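Here is the structure we will look at.
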Amino acid sequence: QVQLVESGGGLVQAGESLRLSCAASGTIFKINAAGWYRHPPGKQRELVAGITSGGATNYADSVKGRFTISRDNAKNTMNLQMNSLKPEDTAVYYCRSYGMYGDYWGKGTLFTVSS
């Protein structure tokens, strides 16, 4: 079982930076792949960035070059560093841990980018 708790949401101005964090419980997190997803208002949930247990990453085209995903398996944490934020980045952001040992989601954290 994995419990995921996101933090770091809030209100920022366009062009600013923000870091989201995901804290995980249990021992499965370090084995599973993980990722950040977002649910923009009026749109469907989408993948933002993913990271394997070994640290290989992938990004949505819309965030490449602006966002960086990272994880610390020793601390059971995952971060999303977001730079050059745009109003269209406004969404509820979710942390996900998934693999052969299950599929787990956090409850999400909202942040808003104002223009």
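The values are calculated or read from the model by the stated rules, or taken from the named source; none is laboratory data. Worth saying up front: this structure is predicted, and the values here are computed from it rather than measured. Every residue, glycine as well, gets a Cβ built from its backbone with ideal geometry; the counts of neighbours run over all protein chains shown. Protein only, heavy atoms only, side chains kept; ligands, DNA and RNA dropped before computing areas. Shrake-Rupley method; radii C 1.70, N 1.55, O 1.52, S 1.80 Å.
Overview of values
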quantity	calculated
Residue match in segment 90-105 (condition: surrounded by fewer than 13 Cβ atoms within 10 Å (Cβ to Cβ) and under 14 Å from the mean Cα position of the chain (by Cα))	no
Candidate set from segment 1-55 (those that are open to solvent by 40 Å² or more (accessible area, probe 1.4 Å) and among the aliphatic types (A, V, I, L, M)); member that is farthest from Asn79 (Cα to Cα)	Ala14
The lone exception for Lys75 - which of (1) open to solvent by less than 20 Å² (accessible area, probe 1.4 Å); (2) farther than 19 Å from Ser115 by Cα; (3) in a loop (DSSP other than H, G, I, E, B) it fails	(1)
Residue within segment 78-99 that is part of a strand (DSSP E or B) and of a type in the set (Asp, Glu) present	no
Ser70 being touching a strand residue (DSSP E or B) at 6+ places or on another chain (Cβ under 8 Å), among the hydroxyl-bearing types (Ser, Thr, Tyr) and over 22 Å from Tyr101 (Cα atoms)	no
Verdict on Leu80 being surrounded by fewer than 16 Cβ atoms within 10 Å (Cβ to Cβ) and of a type in the set (A, V, I, L, M)	no
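Let's see how each residue does on (1) of a type outside the set (Ser, Thr, Tyr); (2) assigned to a loop (DSSP other than H, G, I, E, B); (3) farther than 16 Å from Leu85 by Cα:
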site: Leu11; (1), (2), (3): yes, no, no
site: Gly15; (1), (2), (3): yes, yes, no
site: Ala23; (1), (2), (3): yes, no, yes
site: Lys30; (1), (2), (3): yes, yes, yes
site: Ala34; (1), (2), (3): yes, no, yes
site: Lys43; (1), (2), (3): yes, yes, yes
site: Gly55; (1), (2), (3): yes, yes, yes
site: Ser62; (1), (2), (3): no, yes, no
